[in-house]
Each structure stands twice: as structure tokens, then as C-alpha cells.
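Report on the structure given below.
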Amino acid sequence: MSRIGKNPVVLPDGVEATFAGREITVKGPKGSLNWEVPFEISFEQADGAIAFTPKKEDKQSRALWGLSRAMVQNMVTGVKEGYEKQLELRGVGYRAQAQGQKLTMNLGYSHPVEMEVPAGLTATVENNTLVKIAGFDKQLVGQFAADVRSKRKPEPYKGKGVRYVGEYVVMKEGKKK
């Protein structure tokens, strides 16, 4: 029994869901997202909520049951409130700039690192070292934040690099003399 899958997805005010075959489209004030539900899962909308049930009782169906519910819940939350990831740049001379749909960072390389911000996302920079990535698609926000972080991961000796706000980096002791 899936603890996540058996809970229905409640649709708040201002969010509507439409069905076209196996595809669910969720529209809200921030935008519109769609996702195709796997064949092993059936769903129905009643009383302002979407309920999911597996068609069979095998391991694959149970796994997809919880996944389907979580994906639709993330879509509802995204179009209603949106998602945001914050990254901080640590290191001497490490800084970032946002110019339209382009994010430019100086990360200790001989050249600045330029990244194109995907459509549907916004990247803002505060104090030259805090990058905020916001959007309504949770997967897209997380993937772009991971791509930015991968340009210079935090190193364990001085802690320099790009890290998520609140991320703890285990520091190693330097060479003994």
C-alpha cells in the first residue's frame, strides 16, 4: 500500500486540471504543465481532488502509484506557488551577473562561464554571490540549479565553489608539515 499514492491531490482555488486520454494538464496563475500518467495507473477527479489507484497489485504498479500522485502534486504546487533554488558562490573573485536570459559567472577560470537560462525560468543575482533560480516546473528548476552548481562544485579543502544555500560541505584537513 502506497502511503503517498492513496492521498488525493487537492486542487486549490485558481488551479484547474483537464484530462485528454492519459494526459493531465494543470493550469494556474503561474503557468500550465502537463504529464502523461503511466498505463498501470487509473485516475479520476471528484470533489475538487484527483485520486489515483493502481490497476494491478504488482511492485511496478505500486511504485508508479506514488510517483503519479507526487508528480501531479508537484505540478499543482508549481502552477500555484512556484519553486525556487538558491545558490551561493564562495571564493575570492567569485561573482555572478544576470543579464536578461543569460547568467554570467566568474568562477576562478581564465574565462567567464556563461549559461543560457531556459525558457520558463528566471535567474536573479543578489550581492554578486547569491543566485536565485525560480520557475513553476520543479524538475526544470532543480536541473538548472544542478547545472549551475556543476560548473564549479565546492572543494573540500577551502570550501570554494558553487553550493546550495544551507548545504554543508565536509571539510578535510590540509597537508601536515
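The values are calculated or read from the model by the stated rules, or taken from the named source; none is laboratory data. Every value quoted in this text rests on a predicted model; they were computed, and no experiment measured them. We place every Cβ from the backbone using ideal geometry, glycine too, and count neighbours over all the protein chains shown. Heavy atoms of the whole protein, side chains included, go into the accessibility calculation; ligands, DNA and RNA do not. Shrake-Rupley method; radii C 1.70, N 1.55, O 1.52, S 1.80 Å.
Helical runs (DSSP H, four residues minimum) scored at -39500 (n - 2.57) apiece and divided by the length of the chain put the mean residue ellipticity at 222 nm at -6500 deg cm²/dmol. Since only G66, V148, T124 are under comparison, the one whose Cα sits farthest along the positive direction of the charge dipole of the stretch 21-177, derived from C-beta charges on Lys, Arg, Asp and Glu, is V148.
Compared with the dominant principal axis of the Cα atoms in the chain, helix 59-80 is inclined by about 70°. By a 1.4 Å probe calculation restricted to protein chains, Y83 has an accessible surface near 50 Å², given to the nearest 10. Shape of the stretch 49-177 from its Cα gyration tensor (a ≥ b ≥ c, root eigenvalues): rounded if a/c is under 1.5, otherwise prolate when a/b > b/c, or oblate? In terms of gyration-tensor shape, oblate.
In a DSSP loop and with at most 15 other Cβ atoms within 10 Å, the chymotrypsin sites (Phe, Trp or Tyr not before Pro) in the stretch 134-163 are Y157. Applying both filters, DSSP loop and at most 10 other Cβ atoms within 10 Å, to the trypsin sites (Lys or Arg not before Pro) of the stretch 30-74 gives K56.
A straight Cα-to-Cα reach below 20 Å connects K132 with the aspartates and glutamates E81, E84, E88, E114, E116, D147, E167, residues fewer than 8 places away in its own chain not being considered. For the pair V92 and T18, the difference between a 0.36 nm per residue extended length and the Cα-Cα distance amounts to 21.6 nm.
Angle of helix 138-150 to the longest C-alpha principal axis of the chain, folded into 0 to 90 degrees and rounded to 10: 20°.
Under 19 Å of direct C-alpha separation, and excluding same-chain neighbours fewer than eight residues apart, K158 reaches these lysines: K172, K175, K176, K177.
Between the stretch 125-146 and the stretch 21-52, how far is it from one alpha carbon centroid to the other, in angstrom? Their Cα centres are 26 Å away from one another.
Derived scalar couplings between HN and Hα for the stretch 91-104 equal x, 5, x, 7, 8, 9, 9, 10, 10, x, 9, 10, 10, 10 Hz in order, rounded to whole Hz, by the Karplus curve 6.51 cos²θ - 1.76 cosθ + 1.60 (θ = phi - 60°), x for Gly and Pro. Roll a 1.4 Å probe over the protein chains and send me the accessible area per residue for the chain in Å². I get 60 Å² per residue for this part.
Restriction of the GluC sites (Glu not before Pro) in the stretch 1-72 to DSSP coil positions whose beta-carbon has at most 12 other beta-carbons within 10 angstrom yields E57.
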